[in-house]
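Enquirer: Structure provided below as structure tokens; questions to follow.
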Amino acid sequence: MTKRIAVFPGSFDPVTQGHEAIILRALNVFDEIIVAVGVNIEKRYLFSVETRTKWIKQTFKDYPQVRVESYTGLTVDFCKKVGSKFIIRGLRTSADFEFERIAGQVNKKLSSDIETVFLLAAPEFTALNSSVVRDIVINGGNASIFVPEGVIIRPEDLEY
């Protein structure tokens, strides 16, 4: 039987409890999940790719079926590189659905053998996203209740 490998792409700037919940649920469907930390040279991040990758590895240290890699370029090209036929996307709202539907259709056009799989966010995470956490951090608030246990955001981790 072929191993079912899925890629969960994102900036994870920073990783949130919502991301963590989607990955844990996806483990019920896939044999291996590659959390793909995207790097876009045109985008400004609050945390370095090294810090973001470290936090995700820490979060899933007890899950050998979760791997973390960074990548640049098209997600479908990364999927081909790692042997994945699936892209996981989490949906919180109808706005997420519209954005992700378009991205999924473009990816399907670029690579017809890669499927996008949508997982609905648990109700307690529908208002949570990395932008909210970044805003809390930038303004000196304590974001620890929104990030996975073990993710410690220190002032020296900030890139701005």
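Enquirer: Counting Lys and Arg as +1 and Asp and Glu as -1, what is the net charge of the other residues whose Cβ lies under 13 Å from the Cβ of residue 104?
Expert: Value of the local net charge: 0.
Enquirer: Considering region 46-123, what Rg and Dmax in Å follow from its alpha-carbon atoms?
Expert: Expressed in Å, the Cα Rg and Dmax of region 46-123 come to 14.1, 36.
Enquirer: How much net charge surrounds residue 134 when only other residues with a Cβ under 14 Å from its Cβ are counted (Lys, Arg +1; Asp, Glu -1)?
Expert: With Lys, Arg at +1 and Asp, Glu at -1, the neighbours total -1.
Enquirer: Mind scanning 43/80; 57/81; 54/85; 3/81; 80/108 and naming the pairs with a C-alpha gap bigger than 22 Å? Before the final figure, lay out the partial values.
Expert: Numbers: 43/80 24 Å; 57/81 20 Å; 54/85 25 Å; 3/81 15 Å; 80/108 13 Å.
Cα-Cα > 22 Å for 43/80; 54/85; rest within.
Enquirer: Trypsin sites (Lys or Arg not before Pro) within region 6-79: which are DSSP loop residues with at most 10 other Cβ atoms inside 10 Å?
Expert: Those that pass, being in a loop and sparsely packed, are 43, 44, 61.
Enquirer: Here is a further query. Compute the length gained on full extension between residue 152 and residue 69: take 0.36 nm times their separation in residues and subtract their Cα-Cα distance, giving the result in nm to one decimal.
Expert: Value of the extension gain: 27.9 nm.
Enquirer: Report the full-extension gain for the segment residue 101 to residue 138: residue separation times 0.36 nm, less the Cα-Cα distance, to one decimal in nm.
Expert: 10.2 nm
Enquirer: Ok, one more. State the Cα centre-to-centre distance between region 66-111 and region 117-155 in whole Å.
Expert: Value for the Cα centre distance between the two parts: 21 Å.
Enquirer: State which stretch of the chain is the longest one without any exposed GluC sites (Glu not before Pro), exposure meaning a DSSP loop state and at most 14 other Cβ atoms within 10 Å. It would help to have the intermediate numbers written out before the result.
Expert: Values: sites that count: 42, 149, 159.
Result for the longest clean stretch: 43-148.
Enquirer: In Å and whole numbers, how far do the C-alpha atoms of the chain stretch along each principal axis, longest first?
Expert: The Cα atoms of the chain stretch 46, 33, 33 Å along their principal axes.
Every read-out reported here was derived from the displayed coordinates using simple, explicitly stated rules and does not represent laboratory data. Please read all numbers here as calculations on a predicted model, not as lab measurements. Counting neighbours? That spans all protein chains shown, and the Cβs are built from the backbone with ideal geometry, glycine included.
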